[in-house]
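Working notes for the structure below.
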Amino acid sequence: MRTMILLCMSLILSLPLAGQQSVAEAAAKSRTAKPALSADAPNRDQVMTLLNLMQVRKSMMAAMEGMKEVMKQSAEESLRQKVTDPTPQQLAALRGMFDDIVSVMPLDEMESAIVAIYQRHLSKADVEEMIRFYSSPTGQKLIHEQPQIMQESMQAGAAIQQKRAGEIEAKIQKRIQELVEAEENNKAAPPK
């Protein structure tokens, strides 16, 4: 279960910044030393406008809700391994532990960390251009369609990986069989 929680948290924290520094790293850096921003860095309001257009907070909330459900299922599975027939009260108590998970997540702190990251990596011109794009009908369509695009992409990727896993397994089994046969042939051959 701990692995599932860590996986879910890492997904949430990296959601708006795929491929960039994590929110946790940014928060740690912002607490220790604030690096000087370039003169061309966007201000907080510009970055917040962009994040609002990109619906980052909504995405973080949805990801946290998903994480909560995964954690509930994982915890229930863990309980069922330890308690053969849990009572409805036990299950309700277990599920209740996760009900307020979204309310205790520091969204404002996470957003502040994201702003700092954007300010370090993007210029005012970059953010203005992104705001222009995400304000357009095409940008808003991308925001609207992105969850479905991501879901379908993940399904396609999983199918490809599944297909490749079968091929790899077949190659491994063939190689094992070749090794077994070679060993049998070596044992059957008369000594020289």
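The values are calculated or read from the model by the stated rules, or taken from the named source; none is laboratory data. Fair warning: this is a prediction, and the values are worked out from it, not measured in the lab. Cβ atoms come from the backbone with ideal geometry, glycine included; neighbour counts cover every protein chain shown.
Tabulated data
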{"quantity": "Count - residues of the range 68-124 that are at pLDDT below 85, under 30 Å from LEU37 (Cβ atoms) and surrounded by fewer than 12 Cβ atoms within 10 Å (Cβ to Cβ)", "calculated": "1"}
{"quantity": "Residue count, the range 121-139 (criterion: over 11 Å from VAL47 (Cα atoms) and in a helix (DSSP H, G or I))", "calculated": "10"}
{"quantity": "Single residue of the range 137-192 satisfying the filter (of a type in the set (Asp, Glu) and under 36 Å from the mean Cα position of the chain (by Cα)) that is farthest from LEU50 (Cα to Cα)", "calculated": "GLU169"}
{"quantity": "GLN90 being in a helix (DSSP H, G or I), among the polar types (S, T, N, Q) and over 24 Å from GLU128 (Cβ atoms)", "calculated": "yes"}
